[in-house]
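Below you'll find the structure, written out as structure tokens, and then a few comments.
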Amino acid sequence: MEILDKFKHTFEPQLLEEFKSIAKEVSVKEGDVILDYGQIVRSMPIIASGTVKVSRMDDQGREILLYYVNAKESCAMTFTCCMEQFPSEIKAVAEDDVVMLTVPITVMDEWLMKYSTWKSFVMGTIRDRFNEMLNTIDQIAFQKLDERLKYYLQQKAKHTGSKLLNLSHEEIARDLATSRVVISRLLKKLENDELLLLYRNQIKLLNAFEVEVK
């Protein structure tokens with residue numbers, strides 16, 4: 001399984017051999033739902049390439065972006081659902097074409113006891129995603145919406161590796177749990193400030209918009 005070459009510096013050889021025997025390689029297209037609300041998690045996804053957007057819905061049906069999962073990463077919320085066998089409280093959608101490995105949840109506990117690299121991977125995933133969720137909470141609680149929007153665009157550029165973002169105003173509003181009208185107004189202000197250019201369902205960040213891409 002050539003896909004495992006991406007993980008040869010992440011997991012020990014014995015664990016990679018187990019991956020070969022039980023893991024499945026799965027490809028999903030951009031926009032496909034990988035995990036939906038209420039779904040029972042029966043396998044653990046580990047991203048080999050592409051990016052996955054993870055969101056949560058409130059009681060009024062509004063979604064908010066929690067974090068992104070990139071190559072050689074996994075979703076902490078999936079791990080917790082696996083361990084407790086709870087229905088999913090998040091939605092995971094492919095931001096672009098994604099290739100991932102799926103592993104049966106039945107090996108979760110066994111591998112935690114058996115392989116130090118797996119334990120480090122799981123704990124590191126939970127820690128990193130927890131920190132990202134804390135950052136999201138801090139933004140909602142302490143930052144103005146225009147600051148959240150700029151951070152959102154920075155993160156989008158970082159995860160896609162491009163300053164040309166295929167985004168609609170409606171999509172941004174959904175991710176930030178606000179209205180399209182408000183987002184359109186804030187984006188227009190950023191354009192007037194010569195930080196970006198607006199096109200139909202596209203946004204180009206200019207050099208004045210500080211962001212590091214991959």
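Residue pairs whose Cβ atoms lie under 8 Å apart, sitting 6 or more positions apart in sequence or on different chains, and linking a residue in the range 9-24 that is without any contact (Cβ under 8 Å) to a residue 40 or more places away in the chain to a partner that is open to solvent by 100 Å² or more (accessible area, probe 1.4 Å), are Leu16/Lys8. Within the range 36-57, how many residues are closer than 13 Å to Met100 by Cα and part of a strand (DSSP E or B)? Of the residues in that region, 8 qualify. Kindly establish whether Thr117 is of a type in the set (Val, Ile, Thr), outside any strand (DSSP E or B) and out of contact with any strand residue (DSSP E or B) (no Cβ under 9 Å at 6 or more places or on another chain). For Thr117, the condition - of a type in the set (Val, Ile, Thr), outside any strand (DSSP E or B) and out of contact with any strand residue (DSSP E or B) (no Cβ under 9 Å at 6 or more places or on another chain) - is met.
The residues of the range 40-87 that are more than 11 Å from Arg129 (Cβ to Cβ) and hydroxyl-bearing (Ser, Thr, Tyr), listed by number, are Ser43, Ser49, Thr51, Ser55. The condition of being under 22 Å from the mean Cα position of the chain (by Cα), within 25 Å of Asp97 (Cβ to Cβ) and open to solvent by less than 60 Å² (accessible area, probe 1.4 Å) holds for only one of Thr125, Thr136, that being Thr125. Residues that are more than 30 Å from Ser179 (Cβ to Cβ) and assigned to a strand (DSSP E or B) within the range 58-105 comprise Ser74, Val99, Met100, Leu101, Thr102, Val103, Pro104, listed in sequence order. Filtering the range 24-34 for residues that are of a type outside the set (Val, Ile, Thr), surrounded by 15 or more Cβ atoms within 10 Å (Cβ to Cβ) and closer than 19 Å to Lys72 by Cβ leaves an empty set. Of the residues making up the range 99-117, those that are within 25 Å of Lys53 (Cβ to Cβ), modelled with pLDDT of 90 or more and buried (at least 18 other Cβ atoms within 10 Å of the Cβ) are Met100, Leu101, Val103.
Where the second residue is of a type in the set (Lys, Arg) and crowded, with 22+ Cβ neighbours inside 10 Å and the first is more than 24 Å from Leu149 (Cα to Cα) and lies in the range 61-84, which pairs have Cβ atoms under 6 Å and are six or more apart or on separate chains? Within 6 Å, the pairs are Ala76/Arg129. Scanning the range 1-23 for residues that are open to solvent by 40 Å² or more (accessible area, probe 1.4 Å), outside any helix (DSSP H, G or I) and hydrophobic (A, V, I, L, M, F, W, C) yields one hit, Met1. Annotation: Phe11 fulfils all but one of (1) in contact with a helix residue (DSSP H, G or I) (Cβ under 7 Å, 6 or more places away or on another chain); (2) modelled with pLDDT of 90 or more; (3) more than 16 Å from Glu73 (Cα to Cα); the unmet one is (3). Report every pair of residues separated by at least 6 positions or lying on different chains whose Cβ atoms are under 6 Å apart, first residue within the range 159-176 and more than 22 Å from Arg56 (Cβ to Cβ), second of a type outside the set (Phe, Trp, Tyr) and open to solvent by 30 Å² or more (accessible area, probe 1.4 Å). What qualifies is Gly161/Val213; Gly161/Lys214; Leu164/Lys204; Asn166/Gln202.
The values are calculated or read from the model by the stated rules, or taken from the named source; none is laboratory data. Values in this document were obtained by computation on a predicted structure and should not be read as measured data. Note that we place each Cβ from the backbone using ideal geometry, even for glycine, and neighbour counts take in every protein chain shown. When the accessible area is computed, the model is the full protein with side chains, heavy atoms only, and any ligands, DNA or RNA have been set aside. Shrake-Rupley method; radii C 1.70, N 1.55, O 1.52, S 1.80 Å.
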